[in-house]
1. Just checking, which of B:M123, B:M82 is among the hydrophobic types (A, V, I, L, M, F, W, C), within 23 Å of B:T429 (Cα to Cα), in contact (Cβ under 8 Å) with a residue 12 or more places away in the chain and not in a helix (DSSP H, G or I)?
2. Quick test of your reading of the structure: A:V15 fulfils all but one of (1) within 14 Å of chain B (Cβ to nearest Cβ); (2) in contact with a strand residue (DSSP E or B) (Cβ under 8 Å, 6 or more places away or on another chain); (3) surrounded by fewer than 21 Cβ atoms within 10 Å (Cβ to Cβ). Name the failing condition by number.
3. Can you tell me which residue in region B:395-409 is nearest to the chain's Cα centre (by Cα), limited to those that are more than 19 Å from B:Q368 (Cα to Cα) and part of a loop (DSSP other than H, G, I, E, B)?
4. Quick one: in region B:410-430, of everything that is away from chain A (no Cβ under 14 Å) and in a loop (DSSP other than H, G, I, E, B), which residue is farthest from B:E351 (Cα to Cα)?
5. Could you tell me whether A:P86 is of a type outside the set (D, E), over 24 Å from B:V420 (Cα atoms), in a loop (DSSP other than H, G, I, E, B) and within 14 Å of chain B (Cβ to nearest Cβ)?
6. Regarding region A:96-104, can at least one residue be identified that is of a type in the set (V, I, T) and within 14 Å of another protein chain (Cβ to nearest Cβ)?
7. Quick one: B:R403 ticks every box in (1) under 30 Å from B:M117 (Cβ atoms); (2) buried (at least 19 other Cβ atoms within 10 Å of the Cβ); (3) at pLDDT 95 or above except a single one, so which number is it?
8. If we keep just the residues of region B:431-489 that are in contact with a helix residue (DSSP H, G or I) (Cβ under 7 Å, 6 or more places away or on another chain) and of a type in the set (D, E, K, R), which is nearest to the other protein chains (Cβ to nearest Cβ)?
Amino acid sequence: MVPDKLKYTKEHEWVDVDGDIAIVGITDYAQGELGDIVYVELSNVGEKVTQFESMGTIEAVKAVSDIYAPLSGEVVEVNAVLETAPEVVNRDPYGDGWFIKIKLDDIAEIDNLISPQEYKELIGE
Amino acid sequence: MTTKIIEKTVFELSRPGLTGASLPTTDVPEADRSVIPGRMRREGKIGLPELAEVDVMRHFVKLSTLNHHVDKGLYPLGSCTMKYNPKVDEDAAALTGFASLHPFALGGFSGGAVEVMAQLGEMLCGIVSHDAITLQPAAGAHGEFTGLLVIRAYHEKNGNPRRDVILPDSAHGTNPASIVFSGYKPVQIKSGPDGLVDIDALKNILSTETAAVMLTNPNTLGIFERDVKEIAAMVHGVGAQLYMDGANLNALMGIVSPGDIGFDVMHFNLHKTFSTPHGGGGPGSGPVSVKEHLAPFLPVPVVVRDENNEPFFDWDRPDSIGKISGFWGNFLVMVKAWVYLRMLGSEGLREVSEWAVLNSNYLLSRIQDYYGLKYSGTPMHEFVADATTLKEYGIRNIDVAKRLLDYGFHAPTMSFPLIVPDALMTEPTETESKASLDAFADAMIKIAKEAAENPELLHRAPVTTPIGRLDEAKAARTKVLRWPIPDDL
């Protein structure tokens, strides 16, 4: 399941850009590989994140992984639901399981992301 | 899932007045409690369980039968070297002269113990061709931390502690943690398609800011880093140190000496390679050995010999990183390792490694048609198979692992190393017979067939153990970190 309207990273994040705001989450493939997600820790509102650098961690039963910022900017909102119900990421990775909203520094960075087609190839779909 | 209590805690089994020993009434008058400050005086009950000896014995024997352990069955937990531990080691460690010795009983009262430490250190240095050793670290990760602090002290003495420690993406998770704890920055390099360190990638990131390169050899895929001498030359070329994580030493003893192929520092896991209990039966012991140029930086005290060949604690080492453990390390673990080494001798140790490698490769040859093997290099004492061949049936490595319990085996290490999806990292060790290896291989093959024919059975597994499949996600999300003490205790 790789929605056509989104952009992706090779580290399995998705991005939905609307004006200068990007909504970020992890892909359905990523949640499936991670298995049951038990904890998500993200940068706080007001903090700066840098493209392709860590902006948090995601803990599943078997491993802890970094979450990378797909684009640079300032965190304007964090999905509070994940604090108490991280399993939402498993259930609805592209919807209620979104992670973070970033106010973008440089819209041109989008060119560094990959298309749905490229992401499908990456995960062998 | 409903909670099923199959054995109560000793506190719940407690009955007022029961006791394991009858002591005579004390003829010493009770102390004046008023000399103890009020806030430090216990007013309530002490809360210890009250049980007869037989109840305690039955409780713990029962718990031991509910668990899986190496005295009960094969335990092929990769990277952990869960070999059978000979009981003679325990006999020696239980000798009163060792077990009842106070750590501060120095001089003539502890000469035998210090001699054991000296001889153990000498034997370990001999196995790996190193010049000096500390027995203090309490486990492998503690050894890594100690080894890195020694490297840092060496670089500081030379004027610059440097910044980076390089490690491959197949490294044990403790490696990057130890790097960060010792004030360095971990820099990761990708493994090549054969599972080995990519020499060109290493060349590109080595610099005069590289403090050390940490390798496990054979690596966590069980594959020997055959370019290690070239790597050592490159690392030493920029003035950095080469560290060996000794977790997989069980493949090398008497065959390859880490010191001879360029490793400056390494840690041992006595609780893996040298047959002292671990995995809850510990404690561990992670000695660190070094080449001559790093010896001044080892933790104090170092056990050395005087002009009369008598061993003593040498505290007079001004460049030492200091003391890193309470007392002198986990001494009784050292006694067990000493016995193991003396029982086997150098010929025996070589055979240990040869059998460990043979057993692992035999097992792999039996199951390789049924499971995946991502990396092409020939493994030594362990191999990393994977369950990706069963993914089309909806079966993951955890389902295979749980089903193995139904056949009386512990699972291989799961989901590690991280570079292998659905990993089943398998290390049978030298102490398993061919019959035992065949029984395990038969179970693995049967499970692969069950995955195709009846995947639901695997999803439900284990079904024959006292407790079935646990809800691990719920356990991680809803943590119950202590047993709630009932009000009436």
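The values are calculated or read from the model by the stated rules, or taken from the named source; none is laboratory data. The model shown is predicted, which means the values in this text are computed figures rather than measured ones. Note that each Cβ is placed from the backbone with ideal geometry, even for glycine, and that neighbours are counted across all protein chains shown.
1. On the way: B:M123 fails: not in a helix (DSSP H, G or I).
Step by step, each of B:M123, B:M82 is checked, and only B:M82 is among the hydrophobic types (A, V, I, L, M, F, W, C), within 23 Å of B:T429 (Cα to Cα), in contact (Cβ under 8 Å) with a residue 12 or more places away in the chain and not in a helix (DSSP H, G or I).
2. Unmet for A:V15, out of (1) within 14 Å of chain B (Cβ to nearest Cβ); (2) in contact with a strand residue (DSSP E or B) (Cβ under 8 Å, 6 or more places away or on another chain); (3) surrounded by fewer than 21 Cβ atoms within 10 Å (Cβ to Cβ): (1).
3. Residues of region B:395-409 more than 19 Å from B:Q368 (Cα to Cα): B:402, B:405-408.
This time we only want the ones that are part of a loop (DSSP other than H, G, I, E, B), so: B:407-408.
Numbers: B:Y407: 25, B:G408: 23 Å.
The extreme case among them is B:G408.
4. Here is the first cut: in region B:410-430, the residues away from chain A (no Cβ under 14 Å) are B:410, B:426-430.
Cutting the leftovers down to in a loop (DSSP other than H, G, I, E, B) gives us B:410, B:427-430.
Values: B:H410: 25, B:E427: 16, B:P428: 15, B:T429: 12, B:E430: 9 Å.
Here the answer is B:H410.
5. Details: of a type outside the set (D, E): yes; over 24 Å from B:V420 (Cα atoms): yes; in a loop (DSSP other than H, G, I, E, B): yes; within 14 Å of chain B (Cβ to nearest Cβ): yes.
It is true that A:P86 is of a type outside the set (D, E), over 24 Å from B:V420 (Cα atoms), in a loop (DSSP other than H, G, I, E, B) and within 14 Å of chain B (Cβ to nearest Cβ).
6. Just the residues of region A:96-104 that are of a type in the set (V, I, T), to begin with: A:100, A:102.
Right, trim to within 14 Å of another protein chain (Cβ to nearest Cβ) and you get none.
Within region A:96-104, not a single residue is of a type in the set (V, I, T) and within 14 Å of another protein chain (Cβ to nearest Cβ).
7. (1)
8. B:R469
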